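Chemist: Here it is, the structure in full.
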Amino acid sequence: MPTHAPTESPFPSSDPTSSDTPSLASSDTPSPWTLPPAPEDRAWTQRLHPTHPRFRIRNFLHHLFAFIGHELPEDWPQTPAEIVGPLLGILRQHLSPLYRYVESQHKLQLEQRYLPRYLGETACYLLRLDWLYPESTHDLPLPIADLLADRPQAIIDFDQLYCSLDTSARRAQRLRESFDYPDAKVLLLGDDDLIGLVLAQDFSGEIHVADLDDRLHQYIEQKAPSIHRHKADFIFGGMPSAMHQQYDAVMLDPPWDAYRMQCFLEKAIFCLKDDLHARIFLSYCPLILEFHEQKLSLLQNLTAKLGFTFDRIDTAFNLYDLKPEDLPDFQKRLDQWMPPLDSPLLDFLRRLPFAHSHLYTLRRLPFDRPHLLQRAFFSWWNRA
């Protein structure tokens, strides 16, 4: 947390360690980012493997609702829809004053203003996710899960934040749904999540990976030599000419920054085939765009100018693991983004087990043919 004095706020100064709320600051809690273990007497703990995301999500939700004074029903998540709606409403009643207050503090840095909303909306998405899909989904076979578990540690300077194992499976499945045929070529534009390794276990076409991290290239070469590897810098460099308009699908998860996202997206368009059936799968945090003035419309205008439109949006499609022991540098950066605010609820939201982003599917607009000079400049600008 920032070392300067906290901003005075209108929120009740409730103590999360009081007898009315679960204790989160005892000696059994070694880090402010961790939660106590789930009660072993709950039936749902017997139905989920401890390593599956649902276990940590459900544990967080039970502690969150206990914290705000509304226990989740004993039959959660097999709860009727008429009860889930009010539960979501209760959570939003606690979050809305926090949002309004923080976003009215214009002296705060931009990241400090949007982070509380991002954390709160992530909690809402996790509640819906756990209710809609209560059992394990998109489980990876243990040998493949072990492949991903042994990958190099994420480097925050490379903006690496690994997605959950079930997210890797969902992304691979999305590519298989439309592009699993012998002549298909798919490109992972940056693949610190190693979707290529998951896909390579059962895919008929060619898999290509472009990345700047030599560690990932070496790891992929060792585990799946059939994957084609290309070293590329998507921010300060360009793509090899041989990759121009070669791929039926391009999947990317760029840094959560509007400018760098645009750099990645332009490289994806450079590599995508000039075909109406070709698709770009972009994973991105929507709140980053919404809080940068006009950036969301700029993204829409950019895609339209380049001859693309949104084909599909899957909300909260991606989950990113926030284990403190795996991401010490990221947790320090996240602390810097936290607004200096005396809010027990905001302090509790720091314990989120996962971050989230949406999956945007882009396709080419029919009959759109940019001017010859425009196409030539775009190709020259994004070529190495």
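The values are calculated or read from the model by the stated rules, or taken from the named source; none is laboratory data. Since this is a predicted model, take the numbers as computed values, not measurements. Positions of Cβ are generated from backbone atoms using ideal geometry, with glycine treated the same way; all protein chains shown enter the neighbour counts.
Chemist: Could you tell me whether region 251-263 includes any residue that is part of a loop (DSSP other than H, G, I, E, B) and either within 26 Å of Asp146 (Cβ to Cβ) or modelled with pLDDT of 95 or more (or both)? Talk me through it step by step, then tell me what you get.
Modeler: The first filter runs over region 251-263 and keeps only residues part of a loop (DSSP other than H, G, I, E, B), leaving 253-257.
Restricting the remaining residues to those that are either within 26 Å of Asp146 (Cβ to Cβ) or modelled with pLDDT of 95 or more (or both) gives 253.
Within region 251-263, one or more residues are part of a loop (DSSP other than H, G, I, E, B) and either within 26 Å of Asp146 (Cβ to Cβ) or modelled with pLDDT of 95 or more (or both).
Chemist: Oh, and also: Here are some conditions: (1) over 23 Å from Ile144 (Cβ atoms); (2) surrounded by fewer than 17 Cβ atoms within 10 Å (Cβ to Cβ); (3) out of contact with any Lys or Arg (no Cβ under 9 Å at 6 or more places or on another chain). Asp274 meets all but one. Which one does it not meet?
Modeler: Asp274 satisfies all of (1) over 23 Å from Ile144 (Cβ atoms); (2) surrounded by fewer than 17 Cβ atoms within 10 Å (Cβ to Cβ); (3) out of contact with any Lys or Arg (no Cβ under 9 Å at 6 or more places or on another chain) except (3).
Chemist: How many residues does region 57-75 contain that are in a loop (DSSP other than H, G, I, E, B) and free of Cβ contacts under 8 Å to residues at least 40 places away in the same chain?
Modeler: Narrowing region 57-75 to residues in a loop (DSSP other than H, G, I, E, B): 68-75.
Filter once more, so that each one left must be free of Cβ contacts under 8 Å to residues at least 40 places away in the same chain: 70-75.
Adding up the residues that qualify gives 6.
Chemist: Tell me which residues, restricted to region 98-112, are over 17 Å from Pro344 (Cβ atoms), in a helix (DSSP H, G or I), in contact (Cβ under 8 Å) with a residue 40 or more places away in the chain and over 19 Å from the mean Cα position of the chain (by Cα).
Modeler: Hit for region 98-112 is Leu110, nothing else.
Chemist: Right, something else. Please list, ordered by residue number, the helices (runs of 4 or more DSSP H) wholly in region 268-376 having 1 or more residues that are modelled with pLDDT under 90.
Modeler: Numbers: elements: 286-291, 295-305, 328-337, 344-349.
Helices (runs of 4 or more DSSP H) meeting the threshold: 286-291, 295-305, 328-337.
Chemist: Of everything in region 134-184 that's among the β-branched types (Val, Ile, Thr) and either within 21 Å of His208 (Cα to Cα) or over 20 Å from the mean Cα position of the chain (by Cα) (or both), which residue is modelled with the highest pLDDT?
Modeler: Start the filter on region 134-184 by keeping residues that are among the β-branched types (Val, Ile, Thr), which leaves 137, 144, 155-156, 167.
Next cut, either within 21 Å of His208 (Cα to Cα) or over 20 Å from the mean Cα position of the chain (by Cα) (or both) only: 144, 167.
Working: Ile144: 79, Thr167: 90.
Step by step, filter region 134-184, then rank; the result is Thr167.
Chemist: Residue under question is Asp191, and the condition is that it be in contact with a Gly (Cβ under 6 Å, 6 or more places away or on another chain), free of Cβ contacts under 8 Å to residues at least 60 places away in the same chain and closer than 27 Å to Gly307 by Cα; does it hold? Reasoning before the result, please.
Modeler: On the way: in contact with a Gly (Cβ under 6 Å, 6 or more places away or on another chain): no; free of Cβ contacts under 8 Å to residues at least 60 places away in the same chain: yes; closer than 27 Å to Gly307 by Cα: yes.
Considered against the rule, which asks whether it is in contact with a Gly (Cβ under 6 Å, 6 or more places away or on another chain), free of Cβ contacts under 8 Å to residues at least 60 places away in the same chain and closer than 27 Å to Gly307 by Cα, Asp191 comes out as no.
Chemist: Moving on. What are the residues in region 207-233 that are among the aliphatic types (A, V, I, L, M), part of a helix (DSSP H, G or I) and either modelled with pLDDT of 95 or more or out of contact with any helix residue (DSSP H, G or I) (no Cβ under 9 Å at 6 or more places or on another chain) (or both), if any? Show your work before the answer.
Modeler: Within region 207-233, the first condition is being among the aliphatic types (A, V, I, L, M), and the residues that meet it are 207, 209-210, 212, 216, 220, 224, 227, 232.
This time we only want the ones that are part of a helix (DSSP H, G or I), so: 216, 220.
The one that is among the aliphatic types (A, V, I, L, M), part of a helix (DSSP H, G or I) and either modelled with pLDDT of 95 or more or out of contact with any helix residue (DSSP H, G or I) (no Cβ under 9 Å at 6 or more places or on another chain) (or both): Leu216.
Chemist: How many residues, within region 229-271, are surrounded by 18 or more Cβ atoms within 10 Å (Cβ to Cβ), touching a Cys at 6+ places or on another chain (Cβ under 7 Å) and either among the β-branched types (Val, Ile, Thr) or outside the structural domain of His208 (by TED's automatic domain parsing) (or both)?
Modeler: Number of matching residues: 1.
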